[in-house]
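Trainee: Sharing a structure with you now.
The values are calculated or read from the model by the stated rules, or taken from the named source; none is laboratory data. The shown structure was predicted, so the numbers you read here are calculated from the model rather than taken from an experiment. For neighbour counting, all protein chains shown are included, and Cβ atoms are generated from backbone atoms with ideal geometry for every residue, glycine included. Ligands, DNA and RNA are stripped out before the accessible areas are found, and what is left, the full protein with its side chains, is counted by its heavy atoms. Shrake-Rupley method; radii C 1.70, N 1.55, O 1.52, S 1.80 Å.
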Amino acid sequence: MKKIYTVMVVLAVFLSAGCKKYLDVNTDPATPQTPENRTLTPPLFAQMERGIQFDARYLGGVIQYFGGAVNVGESHGWIPGSDAMGEIWRTNYYGLGANLNLIIDDSQVKQEYNFIGLAQALKAWSWQTTTDYHGDIILKQAYEPNRFVFDYDKQEDVYAEVVRLANESIANFSRTDGTGSVAKMSAADLVYAGDNAKWIKFNYGILARNASNLVNKANYNPAKVIEYVDKALSSNADNFIVPNTGSTSANGNFFGPLRANLASYRQTRMIVGLLDGTYFTGTTGAVIDPRISTMITPSADNVYRGTIPGSSDPGTAALKNQIPNPWGVLASANPGAGFGKYLFKDNVGFPIMTYSEMQFIKAEAAFRKGDLSIAYTAYLNGITSSIDFVSTLGTAITTTQKNTYMASAAVKQSASALTLRDIMLQKYLALYGYGFVETWCDLRKYNYNTGDVKGNNPYAGVFVFPNSFYADNGGKPAQRYRPRYNSEYLWNVAALKVIGADQPDYHTYKMWFSQP
């Protein structure tokens, strides 16, 4: 019996060891089952630009950054049964979402607080962007396990969560304890290379956007907006720009010729009018903005033209008045790899936030506060920093060209002459090609061309609606995009009905942030 027992013990040990080795056949040391924060981080930046750029194909028509009647964007409509306009949603819940939670969990165990801060900053940015695009969204139940239907949360709750996350991120980036190192994070951080100070500034930029959108609210606090901006990006060196290699379609800018997504799009009359002096001086060609040759392209007869809302390109090759696409070519042609212009090139980075935007946010807040001196300085900073930024993306703008424009009639020459219109139109121009959601926030909080609760109407006579809206709109402009069809309208219909998203005109319901 003793011999049998000994044999059984040895056999059991052998079988257990063999079983373990057998089961380990599914474990690949090159692909960890529990990924580390440093391996999860780099792809997140590509997700950020992907969400904005994909949906910009439609939103660009609504805000008139893109024209050409190429989709329902210009008519402020939507596509029933389609995931079009749902990429920001996908980015928030899938592209970033759980990956950020994994980074936080891994980093808490390792006490790497800078990685926690990074994940919280991207969470704050993503929630802000997603709610500004969709309105009410799924927040509290978003990542609960074993849940198949989800309740929607009010936009004001999402705004509060953004503030909480951004402040927690700032606190984590400010910590001096723990094991987080600049060296480890710099390899994973494709934007700021592990620079905690710049991440803190990015968080304050998110807080500035959050507070700036509330101009119609009784608790709007312009002094707080100014405080946030003063702690945010302090120069173009702090710009948050996602890099693109641009050597293949896989690593190329979504807006570049390699990806071939913008051939049928056209530059718009609103952008042309801001660059050729029409809307700043009242006379076309009175002042030519030095950014014009980099940002847009003249027709074959050397005249700058743009489409009006809801119209296609009316030109013909014979008349040489065709309107170029964003790459700078005619007739929906693709110039090929290595060409394009401005932010529409294969290897150019995509801005998520810029110093110029922050300065215009400050100018707007100071103007509403009644401090024209601060407003004027920020307004000038916004213009000059935009010119400097654009100068790096095409033919360099000389100091003489810059100074000539700043002394022209297109730029107000004193604080007493400054208007809110000057600030918001220059901001609209500076954010062309990247600030799609932020520009839409501005347009909606001022009710497009109607004005805000105090009667301020910076876009009157400039932003013009198409002759007719999409049939479901009931004569109203778009105020939000619907939740992503593939996840929500197939599996979460009961929750959609609670917020009215089952109604054909839901996309025209005003946002909480834009209402009194």
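Trainee: Within the chain, what percent of beta bridges assigned by DSSP are antiparallel, to the nearest 5? Show your work: numbers first, answer last.
Mentor: On the way: 7 of 8 bridges.
Counting DSSP beta bridges with both partners in the chain, the antiparallel share is about 90 percent.
Trainee: Another question, if that's okay. Can you give the direction-averaged projected area of the convex hull of the alpha-carbon atoms in region 194-261, in nm²? Each step should come with its number before you reach the end.
Mentor: Details: hull surface 27.4 nm².
Here the figure is 6.8 nm², rounded to one decimal.
Trainee: May I pose another question? Rounded, prolate or oblate: which one fits region 149-269, using the alpha carbon gyration tensor with axes a ≥ b ≥ c (rounded when a/c is under 1.5, else prolate when a/b beats b/c, else oblate)? Don't skip to the end; give the middle numbers.
Mentor: Numbers: a/c = 1.78, a/b = 1.18, b/c = 1.51.
Oblate shape, in that a/c is at least 1.5 and b/c is the bigger or equal ratio.
Trainee: Distance from the Cα centre of region 387-409 to that of region 321-349, in angstrom?
Mentor: Taking the Cα centre of region 321-349 as reference, the centre of region 387-409 is 22 Å away.
Trainee: For K224, go through the aspartates and glutamates and keep the ones whose alpha-carbon is under 16 Å away, minus same-chain ones fewer than eight residues off.
Mentor: Answer for K224, where 16 Å is the Cα cut-off: E364, D371, listed by chain and number.
Trainee: Moving to a separate point now. Please name which of S386, V493, Y448 has its Cα lying farthest along the dipole of region 373-516 towards the positive end, using unit charges on Cβ (Lys, Arg +1; Asp, Glu -1) and the Cα centre as origin.
Mentor: The one lying farthest along the dipole's positive direction is Y448.
Trainee: Students often forget the sequence filter, so: which aspartates and glutamates lie under 16 Å Cα-Cα from K184 once same-chain residues fewer than 8 apart are removed?
Mentor: Result set, ordered by chain and number: E36, D106, E112, D195.
Trainee: Given 10 °C and 1.306 mPa s, compute D for region 403-443 with the Stokes-Einstein relation, Rh being the Kirkwood radius over Cα pairs; round to the nearest whole µm²/s. Kindly include the intermediate steps, with their values, before the conclusion.
Mentor: Values: Rh = 11.4 Å.
Translational diffusion coefficient: 140 µm²/s.
Trainee: With +1 on each Lys and Arg Cβ and -1 on each Asp and Glu Cβ, and nothing else charged, work out how big the dipole of the chain is about its Cα centre, in Debye to the nearest 20. Kindly include the intermediate steps, with their values, before the conclusion.
Mentor: Working: 46 positive and 43 negative charges, 35 e Å.
So the dipole magnitude of the chain works out to roughly 160 debye.
Trainee: How large is the accessible surface of V182 in square angstrom, using a 1.4 angstrom probe and rounding to the nearest 10?
Mentor: Counting only protein heavy atoms, the figure is 90 Å².
Trainee: With a cap of 13 neighbouring Cβ atoms within 10 Å, and only residues DSSP puts in a loop, list the trypsin sites (Lys or Arg not before Pro) found in region 339-444.
Mentor: Numbers: sites: K341, K345, K362, R368, K369, K402, K412, R421, K427, R444; in loops: K412.
Passing both the DSSP loop test and the Cβ count: no residue.
Trainee: Name the long-range amide H neighbours of G349: under 5 Å, sequence gap of 5 or more, or other chain; modelled H, no Pro or chain starts.
Mentor: Amide H neighbours of G349, under 5 Å, 5+ apart: N244.
Trainee: Would you work out if region 254-304 is rounded, prolate or oblate? Take a ≥ b ≥ c from the square roots of the eigenvalues of the alpha-carbon gyration tensor; rounded if a/c is under 1.5, else prolate when a/b is larger than b/c, oblate otherwise.
Mentor: Values: a/c = 2.52, a/b = 2.29, b/c = 1.10.
Since a/c reaches 1.5 and a/b is larger than b/c, the shape of region 254-304 is classed as prolate.
Trainee: Let me know the shape class of region 353-419, please: from the alpha-carbon gyration tensor, a ≥ b ≥ c as square roots of the eigenvalues, rounded when a/c is under 1.5, otherwise prolate if a/b is greater than b/c, or oblate. Don't jump to the answer; show the numbers that get you there.
Mentor: Details: a/c = 3.67, a/b = 1.52, b/c = 2.42.
Taking the square roots of the gyration eigenvalues as a ≥ b ≥ c, region 353-419 is oblate.
Trainee: Excluding ligands, DNA and RNA, what is the solvent-accessible area per residue of the chain at a probe of 1.4 Å, expressed in Å²?
Mentor: Details: 21050 Å² over 516 residues.
Ligands and nucleic acids excluded, the result is 41 Å² per residue.
Trainee: If the cut-off is 18 Å between C-alpha atoms, which lysines fall inside it for K345, apart from same-chain ones fewer than 8 positions away?
Mentor: Excluding near neighbours in sequence, the set is empty.
Trainee: To two decimal places, what compactness ratio does region 206-319 give when its Cα radius of gyration is scaled by 2.2 N^0.38 Å? Numbers along the way, then the final one.
Mentor: Working: Rg = 19.6 Å, N = 114, 2.2 N^0.38 = 13.3 Å.
It is 1.47.
Trainee: Compute the Rg to Rh ratio over region 380-516 from the alpha carbon atoms, using the Kirkwood formula for Rh, and round to two decimal places.
Mentor: Details: Rg = 19.6 Å, Rh = 18.0 Å.
Result: Rg/Rh = 1.09.
Trainee: Give the share of C-alpha pairs in each 10 angstrom bin for region 114-170, from 0 to the last occupied bin, in whole percents, shortest bins first.
Mentor: Values per bin, smallest distances first: 25, 48, 26, 1.
Trainee: Report ³J(HN,Hα) in whole Hz for each residue of region 285-298, in order, from the Karplus equation J = 6.51 cos²θ - 1.76 cosθ + 1.60 where θ = phi - 60°; Gly and Pro get x.
Mentor: Computed from phi, the couplings for region 285-298 are x, 5, 9, 9, 5, x, 7, 4, 6, 8, 7, 9, 9, x Hz.
Trainee: For the chain, compute Rg over Rh where Rg is the Cα radius of gyration and Rh is the Kirkwood radius from the inverse mean 1/r over Cα pairs.
Mentor: Across the chain, the Cα-based Rg/Rh ratio is 1.04.
Trainee: Moving on. Expressed as a whole percentage, what fraction of the accessible surface of the chain belongs to carbon and sulfur atoms when a 1.4 Å probe is rolled over the protein heavy atoms?
Mentor: Numbers: 11760 of 21050 Å².
Carbon and sulfur atoms account for 56 percent of the accessible area of the chain.
Trainee: So how exposed is Y376, as accessible area in Å² (1.4 Å probe, rounded to 10)?
Mentor: Solvent-accessible area, nearest 10 Å²: 40 Å².
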